[in-house]
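The values are calculated or read from the model by the stated rules, or taken from the named source; none is laboratory data. Quick caveat, the model's predicted, so the values are computed rather than measured. A quick note on method: Cβ atoms are made from the backbone with ideal geometry, for glycine too, and the neighbour counts reach across all protein chains shown. For accessibility, only protein heavy atoms count, side chains too; no ligands or nucleic acids. Shrake-Rupley method; radii C 1.70, N 1.55, O 1.52, S 1.80 Å.
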Amino acid sequence: MKKKIYITIAVIAVAGIAAWLLAGGKKEGGVTYGTAVVEKNDIATSVTATGTLEPVTSVTVGTQVSGIVAHLYVDYNSIVKKGQVIAELDKTNLSSELASAKAQLASAQSTLGYEKSNYERYKTLYNKGLISANDYENARLSYEKAVQSVRTANESVKKAETNLGYATITSPIDGVVLSKSVEEGQTVAASFNTPELFTIAQDLTKMQVIADIDEADIGDVHEGARVEFTVDAFPDDTFAGRVTQVRQEATTESNVVTYEVVISAENTDLKLKPGLTANVTIYTKEAKDVLSVPTKALQFTPNEKMLTKEQSIQDCEGKNKVWTLENNVFKALPVTTGMSNGILTEIKSGLQSGQKIVTDFTMDSDPAEDGPGKNGNPFMPKPPSKKKDKKN
């Protein structure tokens, strides 16, 4: 019985030694390779920002004369036509000023008639030598003053008529009333500045976004660039636009420099409203339907430590290269790259659609053996040591 036990133990020992020898005398962790297929994709780089929606054309309507608002003929969202009367001021004082100016004109004209007749009479007497030159000059001077007085009175009448006309406020454009700043009975004073009465937008079917772009990104933004944006009012909708202007003036706030970029946007369904905040994505570069590979594939390089006994490396010259794994051979292929968005990189030459390439690898190891120099994260906390402190 004991003899059979000894034989069994010997067989197990021999099998263990054979397995150890076949494994190379040590434990090896496996390697898992990530792969990708070369295929065509759309690649784009973009800049993100926020902006405010505004009408393309809006006009602030004010008044150049002071007075009480007698009548308002429009309200918020009213549709108006160019030349349409939208408000009137009380005209009592302005009408009085016009009447006074006309009376002064009539008086000046009467004086002119008298001074003209007097001047012509004195001129005849002077030519006959019946009056002195001094009397003649005084008559001529009085006549010229009367002429100037009539001209001044005429200008006063024109001014009074103009001011009276300003009391009738009309729309300067076809559009929609966005805001109204006064009510009937309110007094407006135009002594130092022009009071704002209304804001009228010309065409709300054509809007624009004024976006603030950081100085680090403004160099990539150009006119004609495609834009997509969203607004919180319609979170499920994406709106399209184009960059129409990159303004040169810089704005500095809290030591941050930004530049305004104007983006056109169609608004045929009138969903977009002035003042909405837009979350903007400006596509600075775009490549449609081009061969591409994951960018990490260009960063992958095999090394001897990750190879099995059957695997080998066949390298090549080239600034950029990708690797294939066929028949246990890592083969480098030189490539010419184009634009990249950080995730995908365009391949201009060196690869064909459908080729399979290696992108990365992962070492499979015992987590208990992980540590600095292995695949374990050196910043993760380590398990407590198995060695016990020796007591003195």
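When Ala160 is tested against (1) aliphatic (A, V, I, L, M); (2) loosely packed, with under 14 Cβ neighbours inside 10 Å; (3) in contact (Cβ under 8 Å) with a residue 24 or more places away in the chain, exactly one condition is not met: (2).
Return a yes/no flag: does the stretch 84-97 have any residue that is among the hydrophobic types (A, V, I, L, M, F, W, C) and either under 30 Å from Tyr283 (Cβ atoms) or part of a helix (DSSP H, G or I) (or both). Within the stretch 84-97, one or more residues are among the hydrophobic types (A, V, I, L, M, F, W, C) and either under 30 Å from Tyr283 (Cβ atoms) or part of a helix (DSSP H, G or I) (or both). The single condition among (1) exposed (fewer than 15 other Cβ atoms within 10 Å of the Cβ); (2) in a helix (DSSP H, G or I) that Ala139 does not satisfy is (1). Residues in the stretch 289-307 that are touching a Leu at 6+ places or on another chain (Cβ under 8 Å) and either open to solvent by 70 Å² or more (accessible area, probe 1.4 Å) or part of a helix (DSSP H, G or I) (or both): Thr295 alone. Just to verify a result, which residue in the stretch 173-196, among those that are aliphatic (A, V, I, L, M) and assigned to a loop (DSSP other than H, G, I, E, B), is least open to solvent (accessible area, probe 1.4 Å)? Filtering the stretch 173-196 for residues that are aliphatic (A, V, I, L, M) and assigned to a loop (DSSP other than H, G, I, E, B), the one least open to solvent (accessible area, probe 1.4 Å) comes out as Val182. Of all the numbered requirements in (1) out of contact with any strand residue (DSSP E or B) (no Cβ under 7 Å at 6 or more places or on another chain); (2) among the polar types (S, T, N, Q); (3) not in a helix (DSSP H, G or I), Ser46 misses one, and that requirement is (1). Checking Val261, Val227, Val256, Val246 one by one, the residue that is without any contact (Cβ under 8 Å) to a residue 40 or more places away in the chain and surrounded by 10 or more Cβ atoms within 10 Å (Cβ to Cβ) is Val246 and no other. Of the listed requirements (1) more than 14 Å from Gly51 (Cα to Cα); (2) of a type outside the set (Ser, Thr, Tyr); (3) in a strand (DSSP E or B), Val243 misses just one: (1). Could you tell me whether the stretch 113-124 includes any residue that is in contact (Cβ under 8 Å) with a residue 40 or more places away in the chain and either not in a strand (DSSP E or B) or not hydrophobic (A, V, I, L, M, F, W, C) (or both)? Within the stretch 113-124 (the criterion being in contact (Cβ under 8 Å) with a residue 40 or more places away in the chain and either not in a strand (DSSP E or B) or not hydrophobic (A, V, I, L, M, F, W, C) (or both)), the answer is no, since none of the residues qualifies. Among the conditions (1) in contact with a helix residue (DSSP H, G or I) (Cβ under 9 Å, 6 or more places away or on another chain); (2) over 30 Å from Phe300 (Cα atoms); (3) in contact (Cβ under 8 Å) with a residue 40 or more places away in the chain, the only one that Val47 does not satisfy is (2). The residues of the stretch 50-70 that are over 17 Å from Pro195 (Cα atoms), of a type outside the set (Asp, Glu) and either open to solvent by 40 Å² or more (accessible area, probe 1.4 Å) or without any contact (Cβ under 8 Å) to a residue 40 or more places away in the chain (or both), listed by number, are Thr50, Thr52, Val56, Thr57.
Among the residues of the stretch 56-70, the ones that are over 39 Å from the mean Cα position of the chain (by Cα), more than 12 Å from Ile169 (Cα to Cα) and either among the hydrophobic types (A, V, I, L, M, F, W, C) or part of a strand (DSSP E or B) (or both) come to 2 in all. Counting only residues that are among the small types (Gly, Ala, Ser) and modelled with pLDDT of 50 or more, the stretch 335-392 holds 8 of them. When the stretch 71-115 is filtered for residues that are more than 56 Å from the chain's Cα centre (by Cα), open to solvent by less than 50 Å² (accessible area, probe 1.4 Å) and of a type outside the set (Gly, Ala, Ser), the ones remaining, listed by number, are Leu105, Leu112, Glu115.
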